[in-house]
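What follows is calculated from the coordinates using simple rules that are stated; it is not laboratory data. Predicted model, so just to flag it, every value in this text is computed and none were measured. All Cβ positions, glycine included, derive from the backbone under ideal geometry; neighbour counts span all protein chains shown.
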């Protein structure tokens, strides 16, 4: 009987959480929601370098999850990737490195030229330097891959919030490409 009482309590909490008025779904639960449509219409400009390639691919994957739409927004990103030696022994051997990836980005409405978002984000990772040079290089590359994913996630979250605050477009495009009020 104790398990049944626990089940009833969990169900009551679930119902209570569902009725919270302050929480709103960001994407509206469908691919047709304005935020999801906005994300699908973001064109990511090329970003130079390996880190840029990784970040751009991650952004493109995340932004096109709801589909692909005509480019309404342009995202421009500038990256700063650095690798620093931290742990140094008496013989000047580095034992620990820190990889830092920072992004400054702007989201522009291509129709009006208005900058909707001008922000920056960053992430870092610690890397153990081991006796195998191959293993250290592999760890540095893996850290860069993880940082690129992290940066892309943060950027998409901020872009989503910006698009939600901007609200749905005053005019929407129909299938013929004509603007309707």
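In what sequence do 137, 94 fall when counting other Cβ within 10 Å, fewest first? Intermediate values should be presented prior to the final figure.
Working: 137 10, 94 14.
Ranking 137, 94 by Cβ neighbours within 10 Å, fewest first, gives 137, 94.
Applying 0.36 nm per residue to the separation of residue 80 and residue 134 and subtracting their alpha-carbon distance, the gain on full extension is 17.0 nm.
Panel order for 133, 145, by other beta carbons found within 10 Å of each beta carbon, from fewest to most: 133, 145. The value given for region 32-167 is a Kirkwood hydrodynamic radius of 16.1 Å, derived from the mean inverse Cα-Cα separation.
Estimated from the Cβ-Cβ distance and a Förster radius of 41 angstrom, the FRET efficiency linking residue 71 and residue 50 is about 0.95.
Mind giving me the FRET efficiency for residue 124 and residue 43? R0 is 25 Å, r the Cβ-Cβ distance, nearest 0.05 is fine.
On the way: r = 28 Å, r/R0 = 1.14.
Efficiency computed from Cβ-Cβ geometry: 0.30.
Model label sites at residue 153 and residue 110, defined 7 Å from Cα along the beta-carbon direction, differ in position by 2.9 nm. In this label model, residue 88 and residue 34 are separated by 5.4 nm, measuring between points 7 Å along each Cα→Cβ vector.
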